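The values are calculated or read from the model by the stated rules, or taken from the named source; none is laboratory data. Because the structure is predicted, anything quoted here is derived from the model rather than measured. Note that each Cβ is placed from the backbone with ideal geometry, even for glycine, and that neighbours are counted across all protein chains shown.
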Amino acid sequence: MQENTDSQHMAEPENIKRGNRRREKKPPKKITEKYLYNSGLAYLQRFPTSTPHFRRIMGRKIDRSCNYHKDQPKEDCISLLDKTVEAFVRMGLLNDEMYLGGMVNSLRRRGLSKQAILSKLQQKGLAQENILTVLRDYDEDTGVANGDLTAALKLARRKKLGPFRREGDFDKNKELAALARAGFGFDIAQKALGMDEEEANGWLSSMRI
């Protein structure tokens, strides 16, 4: 029994060493055109995104690599990134117009307000004017007379608020706050929460979404 205990104590240092090795970060790779292409392709296959956001992601890789490998000029790495971006644009892997349209469609269907969509897509480096244009076109194409009211009702339905709340006590201020946090103005929130279920369902069913 004593021998087993001793062997366990002797094994512990090796286990600790292995754990430390696992925690050690690998040094960043040197920037090459092939590395940027393969790394960028792997990212885009998992996370479709806008061109400005893709540049930021890859730019961070370049920063880490240049901070570690002092012998590679950052300007040369940025030039390689420009070539990579151009290649992905030609291939259609980076297409800001298509990405913007798809995101507006998805976010509206999830019940996001115009302000929330604007904020989220501006973080991806997309221009406010372009976002608002696509939002307006989407609302017109889907027959949505009031895009934010429709989105607020969709959110209320998902969260069981207002006309979709369950029987029992409720706090209207909390419900208003929930819609406000999602980016809806007071008037829109009031109107959405003030509908009865039949009216709300009628409004949503009249929209071609």
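Answer yes or no as to whether THR49 is under 30 Å from LEU121 (Cβ atoms), modelled with pLDDT of 95 or more, within 25 Å of the chain's Cα centre (by Cα) and not in a helix (DSSP H, G or I). Judged against the criteria, THR49 is a match. Just one of (1) under 28 Å from the mean Cα position of the chain (by Cα); (2) surrounded by fewer than 20 Cβ atoms within 10 Å (Cβ to Cβ) fails for GLU199. It is (1).
Considering only residues of segment 155-169 that are basic (Lys, Arg) and free of Cβ contacts under 8 Å to residues at least 12 places away in the same chain, which is surrounded by the fewest Cβ atoms within 10 Å (Cβ to Cβ)? Once the filter is applied, the top-ranked residue is ARG166.
Considering only residues of segment 127-173 that are among the small types (Gly, Ala, Ser) and touching a helix residue (DSSP H, G or I) at 6+ places or on another chain (Cβ under 7 Å), which is nearest to GLY194 (Cα to Cα)?
The qualifying residue nearest to GLY194 (Cα to Cα) is GLY162.
Taking the conditions exactly as written (exposed (fewer than 15 other Cβ atoms within 10 Å of the Cβ), modelled with pLDDT of 95 or more and of a type in the set (Asp, Glu)), does GLU24 satisfy them or not? Considered against the rule, which asks whether it is exposed (fewer than 15 other Cβ atoms within 10 Å of the Cβ), modelled with pLDDT of 95 or more and of a type in the set (Asp, Glu), GLU24 comes out as no. Going by the structure shown, is TYR99 within 30 Å of LEU204 (Cβ to Cβ) and touching a residue at least 24 places away in the same chain (Cβ under 8 Å)? So TYR99 passes the test.
So, ARG157, is that one assigned to a loop (DSSP other than H, G, I, E, B) and farther than 29 Å from PRO52 by Cβ or not?
On the way: assigned to a loop (DSSP other than H, G, I, E, B): no; farther than 29 Å from PRO52 by Cβ: yes.
No; evaluated as a whole, the condition is false for this residue.
Within segment 115-133, the set of residues being modelled with pLDDT under 95 and surrounded by 20 or more Cβ atoms within 10 Å (Cβ to Cβ) comprises ILE117 only. Checked against (1) at pLDDT 95 or above; (2) in contact with a Pro (Cβ under 7 Å, 6 or more places away or on another chain), TYR68 meets all criteria but (1).
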